[in-house]
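One structure below.
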């Protein structure tokens, strides 16, 4: 059996989270879906949106399926599937039954499908054609085991629930040594002096090369990824997952931080999702609770979507930046390659300079962000590839429709 990860027609509802990365590479509960699927099939293949094909082909060369033949059945898995460790057994069960089937969510979206030999679609297939190719196969409902991420805030809604399960799975690998009660460290992790850990609600896990500064509070569950640094006098609390190569400081609560992101100064980040290559200026803080203590309603493409959640902070797309002392209101989304200043009281499109509290919102040319990307990459010894440049150009075009606020055109 081989595995095919596919992005479906509705994956765009997860933007800005999935604008610059495929849905299977988004972190929730400390895992990406791809981290789990690789255990089922190390040579997995993928179908992604056209603007992501260049980066995915470079980052995951086998994803294109070039030179590979799918001789047996193919397990097609929706890239929006919530990455929790227990889903592996569920997927194996679907595959082991051996009969072609389409498993759907309660809303009718395809969660996964076991395709007979010879029915595997190609790398450049479009999601609509893939869905139509499944029409003749028997269908069954997934039940509660399999959850598809529908909106960006779903990452926050399911993060804490899946985090403990995923940390237990990570610890079962045997790569971590318990150096204090509930505190686990991989080789090369460094713990500063006078660090306080509270593991009553879950473990604290430090991956290889992680550095924790002195006088820091780590209140589990917490995961700090490889070669990430937590600055002195910081507090990570109540379910924080930090990707690799990050710098984290201040107070962080119940949040997901993707690789190569910096929040190294004082300021509060709560119940939020930060994409990759983000930098938060000193003093940047977000609100994650309404003054009325009511549930938060998000706005996506002009539609109001109730979250059913009392605590929702901000959702920030890759390459976003904040200036010193930026304040972000509850439940706001900030687009890819955007720079924000002052008070963020509305959702922010991609590729803008947002200084609405100062009366200015202007477009950021793609060439400006390409130059910024080159500088960022150089600081982290990362090579800027042609596909990275093309990705920013493509996203700039794809997000043109976003760059209107209050039905007024931007200033140029």
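Just a few scattered comments:
- Projecting label points 7 angstrom from Cα along Cα→Cβ for residue 343 and residue 38 puts them 4.5 nm apart.
- The stretch 214-296 shape via C-alpha gyration tensor axes, a/c threshold 1.5: prolate
- If the chain linking residue 244 and residue 200 were pulled fully straight, counting 0.36 nm for each residue of separation and taking away their Cα-Cα distance, it would gain 13.3 nm.
- The stretch 2-141: C-alpha gyration tensor shape, a/c 1.5 cut-off, then a/b vs b/c: rounded
- Coarse-grained scattering of the stretch 74-177 at q = 0.11, 0.22 Å⁻¹, given as base-10 log I(q)/I(0) from a Debye sum over alpha-carbon atoms: -0.40, -1.21
- Remark: the residue 208-residue 1 segment gains 71.2 nm on full extension, using 0.36 nm per residue and subtracting the alpha carbon distance.
- Counting only DSSP beta bridges with both residues in the stretch 2-141, the antiparallel share comes to about 50 percent.
- Diffusion coefficient (Stokes-Einstein, Kirkwood radius over C-alpha pairs, 37 °C, 0.692 mPa s) for the stretch 169-314: 209 µm²/s, rounded to a whole number.
- Pair residue 92, residue 129: separation of 7 Å Cα→Cβ label points (nm): 3.5 nm
- Within the stretch 153-409, percent of DSSP bridges classed antiparallel, to nearest 5: 20 percent
- For the stretch 270-412, the share of DSSP beta bridges that are antiparallel, to the nearest 5, is 40%.
- Over all projection directions, the Cα-based convex hull of the stretch 311-412 averages an area of 7.1 nm².
- One decimal place: the segment residue 51-residue 292 gains 82.6 nm when fully extended, by the rule 0.36 nm per residue minus the C-alpha distance.
- Between the stretch 32-61 and the stretch 190-258, the C-alpha centres lie 28 angstrom from each other.
- Sorted largest first, the spans of the alpha carbon positions of the chain along the three principal axes are 57, 56, 45 Å.
- With a Förster radius of 35 Å applied to the beta-carbon distance between residue 165 and residue 305, the computed FRET efficiency rounds to 0.85.
- Residue-averaged 222 nm ellipticity for the chain, from DSSP H runs of 4+ at -39500 (n - 2.57), nearest 500: -5500 deg cm²/dmol
Values in this text are rule-based calculations from the coordinates and carry no lab data. Values in this document were obtained by computation on a predicted structure and should not be read as measured data. Here Cβ is always computed from backbone atoms with ideal geometry, including for glycine, and neighbour counts include all displayed protein chains.
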